[in-house]
Amino acid sequence: MDIQTLADEIPVQGEYSLEGIDFISSGDQYLTFLLGNEQYAVNILSVEEIRSWEKPTIIPNSPIDVKGVINMRGIIVPIIDLRIKFNIGDVNYLETTVVVVLKVELEDSARTIGFVVDAVSDVLNTEEDEIKKSPAFGGSVPHHYIDGLVNVGDNVVTLLNVQALQSIKPHE
């Protein structure tokens, strides 16, 4: 191959080849993860980072679901275990356990909080008309944390409200 052929294959500024990229969709994208045997998801635009599990610094007199804080590049990030918050299954920290760090832009500030989950699954593409309202009956996840439900094959994925997750209840 000669130099001219190579030069012809280099994209010109503003021209990009998008072949093979299949993740672009017109709908919303959600990061799915496991808590116990159930699948949950958060809007992918809120995901700041996915970190492997590391024991955080404990904060005395914090609520039971707040495992502590970590220093993430100079930002102190509270770590909340969603299994404890939602009372789902046993709390075991395994190799697949990760912390999903979410950042939510509020009216006058931004808040960053990490959530311990059993494992990250996949990215879910969904259209607004595929999202069903969650039933108002009980369950382990309080209704105000749920944005909706999506059928994925034979499974149901619970879409969580990221802003509602950001609230930390005071220690009782």
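The values are calculated or read from the model by the stated rules, or taken from the named source; none is laboratory data. Since the model is a prediction, treat every value here as computed from it, not as a measurement. When we count neighbours, we look across all protein chains shown, and the Cβ atoms used for this are built from the backbone with ideal geometry, even at glycine.
Structure data summary
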read-out: The range 136-166, residues that are surrounded by 11 or more Cβ atoms within 10 Å (Cβ to Cβ), assigned to a loop (DSSP other than H, G, I, E, B) and modelled with pLDDT under 85; value: G139, S140, V141, P142, Q166
read-out: Within the range 44-53, tally of residues that are of a type in the set (A, V, I, L, M) and assigned to a strand (DSSP E or B); value: 2
read-out: Criterion: hydrophobic (A, V, I, L, M, F, W, C) and more than 18 Å from the chain's Cα centre (by Cα) - qualifying residue of I84, I75; value: I75
read-out: Which numbered condition A41 fails, given (1) at pLDDT 90 or above; (2) assigned to a helix (DSSP H, G or I); value: (2)
read-out: Counted residues, the range 69-127 - those being closer than 21 Å to V141 by Cβ, among the small types (G, A, S) and assigned to a strand (DSSP E or B); value: 3
read-out: Cβ pairs under 7 Å, 6+ apart, first in the range 40-65 and among the small types (G, A, S), second outside any strand (DSSP E or B); value: S46/V162; S62/H171
read-out: Index of the failed condition, D154 passing every other in (1) of a type outside the set (A, V, I, L, M); (2) touching an Asp or Glu at 6+ places or on another chain (Cβ under 6 Å); (3) more than 30 Å from T57 (Cα to Cα); value: (2)
read-out: Meets criteria (farther than 15 Å from V42 by Cα and either of a type in the set (A, V, I, L, M, F, W, C) or under 13 Å from the mean Cα position of the chain (by Cα) (or both)) for V156; value: no
read-out: Top-ranked residue in the range 100-137 [being among the polar types (S, T, N, Q) and in contact with an Asp or Glu (Cβ under 7 Å, 6 or more places away or on another chain); ranked as nearest to K67 (Cα to Cα)]; value: T112
read-out: In the range 54-68, residue farthest from T112 (Cα to Cα) [restricted to those that are more than 18 Å from the chain's Cα centre (by Cα) and assigned to a strand (DSSP E or B)]; value: T57
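Yes/no per residue for (1) loosely packed, with under 11 Cβ neighbours inside 10 Å; (2) of a type in the set (D, E, K, R); (3) out of contact with any strand residue (DSSP E or B) (no Cβ under 7 Å at 6 or more places or on another chain):
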{"residue": "S62", "(1), (2), (3)": "no, no, yes"}
{"residue": "V77", "(1), (2), (3)": "no, no, no"}
{"residue": "I88", "(1), (2), (3)": "no, no, no"}
{"residue": "V100", "(1), (2), (3)": "no, no, no"}
{"residue": "L106", "(1), (2), (3)": "yes, no, yes"}
{"residue": "S121", "(1), (2), (3)": "no, no, no"}
{"residue": "S134", "(1), (2), (3)": "no, no, no"}
